Amino acid sequence: MVKPYFLAFSVLAFSVAYAQQPSDPNEVRIYNAYTQLAAQGPTLYRLQGAITVGSANDTITTDMYWSATVSNGQPLTNVELLEYKNNVLQRRLVGDGNTLWIYDISHKTYSAVPYGSFKPVQPANYNVTLAEYLDAAESGPSSYLGRLARQVYGGYAVTYTSWLPGTVPTAANGGVTYSEQKPLQRQIIFALDPNTDALTSITYAASDTVAGLARASNWNITPYTGSVMMNANYQPYAWNMIPGYRPVVFTKPIGK
């Protein structure tokens, strides 16, 4: 289970922020972009692209709505994540302010795990717990949205660690680029505004061979704000909306 935090908030916030600020100047730009994302209010992160194996091509789209506000003096954080394959909804995750609901439409299963409290005061690790659970629940390309949420929102301060460990970031392609050739060809580009370091997109491209078939994964993440957030729905499904679904146990992440 996620470990409780016993340190005073001010001391922990300082230590986390100090420990996680990158030293590489290119990664400092990404850290600056994250800081702006954390401060800009409710945001939609849209991941779009395709995965190709041989002649088979699947389009993928995942929308992650994140809203962190204050209600009655207490934090209120909601999330909705909608994962589509070939325009068909596969999974829906909903954080209703207290519980993260995970619906696997393709397998007709669901699980729920609490991240908040129904008491007047929310726990100190409220956002930390939600972001870690969201990160643990996602896989494939959508796992990068979970990583983004954990690094931007899932702590007492913004953090950034490399999305491609073991590679050296370079200033290229209008932002910061990571590249590797083995074990597979992979490139991640953080497109940043040259004047403000604001994040405009994250692009991912990878290719390798599986069972003799060429495989390619190409997608990008783009942040949006404003009226697009009106499409978010932070209410879990009602019991009569998911007939035939069976509950499964959510595997909680070990404290990080």
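The values are calculated or read from the model by the stated rules, or taken from the named source; none is laboratory data. These numbers come from a predicted model, not from an experiment. As a convention, Cβ positions derive from the backbone with ideal geometry for all residues, glycine included, and neighbour counts pool all protein chains shown.
Summary of values
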item: Any strands (runs of 3 or more DSSP E) falling wholly within region 149-193 and containing at least 2 residues that are of a type in the set (S, T, N, Q); result: 175-180, 185-192
item: Verdict on S207 being within 24 Å of A50 (Cα to Cα), among the small types (G, A, S), in contact with a strand residue (DSSP E or B) (Cβ under 9 Å, 6 or more places away or on another chain) and part of a loop (DSSP other than H, G, I, E, B); result: no
item: P169 vs. criteria within 30 Å of T99 (Cα to Cα) and at pLDDT 95 or above; result: no
item: Any chance S139 is surrounded by fewer than 20 Cβ atoms within 10 Å (Cβ to Cβ), more than 17 Å from the chain's Cα centre (by Cα) and within 30 Å of T52 (Cα to Cα); result: no
item: Residues being assigned to a strand (DSSP E or B), loosely packed, with under 15 Cβ neighbours inside 10 Å and not small (G, A, S) - total across region 213-238; result: 2
item: Scope region 198-212; condition at pLDDT 95 or above and not small (G, A, S); matching residues; result: L199, T200, I202, T203, Y204
item: Counted residues, region 150-199 - those being within 24 Å of D135 (Cα to Cα), hydrophobic (A, V, I, L, M, F, W, C) and surrounded by fewer than 21 Cβ atoms within 10 Å (Cβ to Cβ); result: 8
item: Sole residue being loosely packed, with under 13 Cβ neighbours inside 10 Å and without any contact (Cβ under 8 Å) to a residue 24 or more places away in the chain, chosen from V70, V121; result: V70
item: Elements of type strands (runs of 3 or more DSSP E) contained in region 56-144, each with 3 or more residues being touching a helix residue (DSSP H, G or I) at 6+ places or on another chain (Cβ under 9 Å); result: 56-71, 74-85, 88-95, 109-114
item: Test: Y45 is among the aromatic types (F, W, Y), in a strand (DSSP E or B) and touching a Pro at 6+ places or on another chain (Cβ under 8 Å); result: yes
item: Top-ranked residue in region 80-103 [being in contact with a Lys or Arg (Cβ under 6 Å, 6 or more places away or on another chain) and under 14 Å from P236 (Cβ atoms); ranked as surrounded by the most Cβ atoms within 10 Å (Cβ to Cβ)]; result: Y103
item: Residue in region 156-176 that is in contact with a Leu (Cβ under 6 Å, 6 or more places away or on another chain), without any contact (Cβ under 8 Å) to a residue 24 or more places away in the chain and of a type outside the set (D, E, K, R) present; result: no
item: Yes/no for L134 being at pLDDT 95 or above and either buried (at least 22 other Cβ atoms within 10 Å of the Cβ) or on the phi > 0 side of the Ramachandran plot (or both); result: no
